[in-house]
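Trainee: Can you keep this structure in mind? I'll have questions shortly.
The values are calculated or read from the model by the stated rules, or taken from the named source; none is laboratory data. A quick note: this is a predicted structure, and the numbers were derived from the prediction, not measured. With ideal geometry, Cβ positions are generated from the backbone for all residues, glycine too; neighbour counts draw on all protein chains shown. Note: accessible area is taken over every heavy atom of the protein model, side chains too, but ligands, DNA and RNA are not part of it. Shrake-Rupley method; radii C 1.70, N 1.55, O 1.52, S 1.80 Å.
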Amino acid sequence: MALSDAYHGETIGALSIGGVDLYSQIYKPILLDIVRVSGPDCYRCRYGQKRDNCDAECFKEAEKCFKLYADEICAFVVEPLVQCAGGMRIYPPKYLKKIRQACSRYNVHLIADEIATGFGRTGKMFACEHAGISPDIICLSKGLTGGYLPMALAVTTQEIYDAFYADYNEGKAFMHSHTYSGNPLACSAANEVLSVMQEEQILEKATENAGYFTQLISESLKNHKNVGEIRSIGLINAVELVEERETKLAFDPKLRIGYHVYKRALSKGVLLRPLGDVLYFNPPLTITREEMDSVVKISTECIRDIII
Ligand SMILES: *Cc1c(COP(=O)(O)O)cnc(C)c1O
């Protein structure tokens with residue numbers, strides 16, 4: 001079970017639960033069967049609510065799927081609080097809490113894909129902490145090595161671990177490995193990143209940076225007539241550009257507004273990587289004020305240059 005607009009990677013299982021067609025289209029014939037839950041869309045809420053004070057009304061759509069399919073579902077896989085590749089869609093902790101409750105009630109494992117959100121990105125070590133929940137399995141990567149070496153972890157509960165653990169003679173094991181599993185160099189980079197995070201109080205510094213960055217982006221862009229929404233959590237800030245603010249009407253994709261802003265910014269030395277018309281900033285937790293100032297200044301200029 002997974003949400004619409006989910007992104008979980010590009011191996012067959014991960015692609016199957018992904019909800020962004022762009023990645024999976026040509027593999028459709030060989031993808032696994034899954035239950036797709038229509039997920040939160042807070043900017044264009046189907047229930048006319050606001051992200052900050054809703055009651056996660058849209059969860060009733062997930063609830064329906066639990067009722068129908070819980071018996072055949074092994075896990076609900078979710079990106080906690082931010083669906084990144086799907087457009088930096090931020091949704092409230094309440095929704096995640098409801099997923100946890102339903103998973104427990106229906107006896108379905110909850111897998112939190114924190115590959116993008118883990119290690120301080122959202123202002124907490126893990127995004128799940130915002131909702132005060134704990135998954136049965138958590139997927140970690142990206143920030144784990146600060147991006148310097150490839151390394152990923154699946155961390156699980158004692159209960160799941162024990163299910164695969166037995167005396168050697170029983171011949172029971174979780175046989176799922178890769179040539180470079182547990183690569184010592186990558187492990188050592190990960191250990192060092194974790195030490196640096198503690199020793200240099202990276203999380204605290206990231207929180208200060210996040211406050212500064214979000215305010216800066218808001219001041220520079222909130223009044224622009226084509227800025228539909230600025231959404232932020234920790235050091236993720238996303239700016240959704242629209243043709244019409246009032247109606248939230250999207251730009252014609254053929255105009256490729258995001259791409260043109262990207263090209264312009266690149267010529268001025270800033271590498272953005274928009275998702276369609278969603279420009280987002282996902283900088284190192286250790287970004288400096290000068291860097292934030294210049295990134296926001298250049299991006300704002302470029303948006304003004306492209307959309308007149
Ligand atoms: C980047 C990302 C992945 C992909 O991880 P791989 O190690 O490349 O398979 C999966 N899920 C999320 C949420 C990501 O952001």
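Trainee: Step by step: find N for region 1-118, compute 2.2 N^0.38 Å, then divide the Cα radius of gyration by it. What's the final number?
Mentor: It is 1.01.
Trainee: Express in nm, to one decimal, how much length is gained between N169 and E291 on full extension, taking 0.36 nm for each residue of separation and deducting their alpha carbon distance.
Mentor: Length difference between fully extended and current span is 38.1 nm.
Trainee: About its Cα centre, what dipole magnitude does the chain give when the only charges are +1 on Lys and Arg Cβ and -1 on Asp and Glu Cβ, stated in debye to the nearest 20?
Mentor: 940 debye
Trainee: Could you give the length gained on full extension between Y161 and K254, defined as 0.36 nm per residue of separation minus the Cα-Cα distance, in nm? Don't skip to the end; give the middle numbers.
Mentor: Working: separation 93, 0.36 × 93 = 33.48 nm, distance 4.91 nm.
That works out to 28.6 nm of additional length.
Trainee: Amide H neighbours of L275 under 5 Å, counting only residues 5+ apart in sequence or on other chains, H built in-plane at 1.01 Å?
Mentor: Close amide H contacts, sequence-distant or interchain: Y280.
Trainee: Taking the Cα-to-Cβ direction at Y212 and at N282 and moving 7 Å from each Cα, how far apart do the two end points lie in nm?
Mentor: 2.3 nm
Trainee: From the helices alone, meaning DSSP H stretches of at least four residues, give me the mean residue ellipticity at 222 nm for the chain, per-run term -39500 (n - 2.57), in deg cm²/dmol to the nearest 500.
Mentor: -11000 deg cm²/dmol
Trainee: Does region 67-184 come out rounded, prolate or oblate, given a ≥ b ≥ c as the square roots of the eigenvalues of its C-alpha gyration tensor, rounded meaning a/c under 1.5 and, failing that, prolate meaning a/b above b/c?
Mentor: Here region 67-184 falls in the oblate category.
Trainee: For region 22-62 and region 215-258, compute the distance between their C-alpha centroids and round to whole Å.
Mentor: 21 Å
Trainee: Quick check for me: using +1 on Lys/Arg Cβ and -1 on Asp/Glu Cβ, what's the dipole size of region 202-302 about its Cα centre, in debye to the nearest 20?
Mentor: Roughly 300 debye for region 202-302.
Trainee: According to the square roots a ≥ b ≥ c of the eigenvalues of the Cα gyration tensor, what is the shape class of region 175-308, taking rounded for a/c under 1.5, prolate for a/b larger than b/c otherwise, and oblate for the remainder?
Mentor: Cα axes put region 175-308 in the prolate bin.
Trainee: If you place +1 on the Cβ of every Lys and Arg and -1 on the Cβ of every Asp and Glu, how big does the dipole about the Cα centre of region 1-148 come out, in debye to the nearest 20? Spell out each step's value before the answer.
Mentor: Working: 18 positive and 17 negative charges, 88 e Å.
The dipole magnitude comes to about 420 debye.
Trainee: Which listed residue (I160, Q215, P92) has the Cα farthest towards the positive end of the charge dipole for the chain, taking +1 on Lys and Arg C-beta and -1 on Asp and Glu C-beta about the Cα centre?
Mentor: Projecting each Cα onto the dipole axis, the largest value belongs to Q215.
Trainee: Using 7 Å Cα-to-Cβ label points, what is the S38/D21 separation (nm, one decimal)?
Mentor: About 1.6 nm separates the two model spin labels.
Trainee: Then there's this: Compute the distance in nm between two label points, each set 7 Å from the Cα along the Cα-to-Cβ direction, one at D71 and one at Q49.
Mentor: Here the modelled spin labels are 3.0 nm apart.
Trainee: A follow-up question, please. Which peptide among 217-230, 23-36 comes first, and what is the full order, when sorted by highest mean count of other Cβ atoms within 10 Å?
Mentor: Values: 217-230: 16.8, 23-36: 11.5.
So the order, starting with the most tightly packed, is 217-230, 23-36.
Trainee: Too long at a 26 Å Cα-Cα cut-off: which of K50/K297; K67/K94; K50/K142; K28/K263?
Mentor: Violating the 26 Å limit, Cα to Cα: K50/K297; K50/K142; K28/K263.
Trainee: Then there's this: In terms of the Cα gyration tensor, with a ≥ b ≥ c the square roots of its eigenvalues, is region 58-128 rounded because a/c is under 1.5, prolate because a/b exceeds b/c, or oblate? Before the final figure, lay out the partial values.
Mentor: Working: a/c = 2.15, a/b = 1.85, b/c = 1.17.
Prolate is the answer for region 58-128, as a/c is 1.5 or above and a/b outweighs b/c.
Trainee: Using the heavy atoms of the protein chains and a 1.4 angstrom probe, tell me the accessible area per residue for the chain in square angstrom.
Mentor: Per residue, the chain has an accessible area of 56 Å².
Trainee: Could you calculate the FRET efficiency of E192 with R245 from 1/(1 + (r/R0)^6), where r is the beta carbon distance between them and R0 is 30 Å, rounded to 0.05?
Mentor: After rounding to 0.05, the efficiency reads 0.05.
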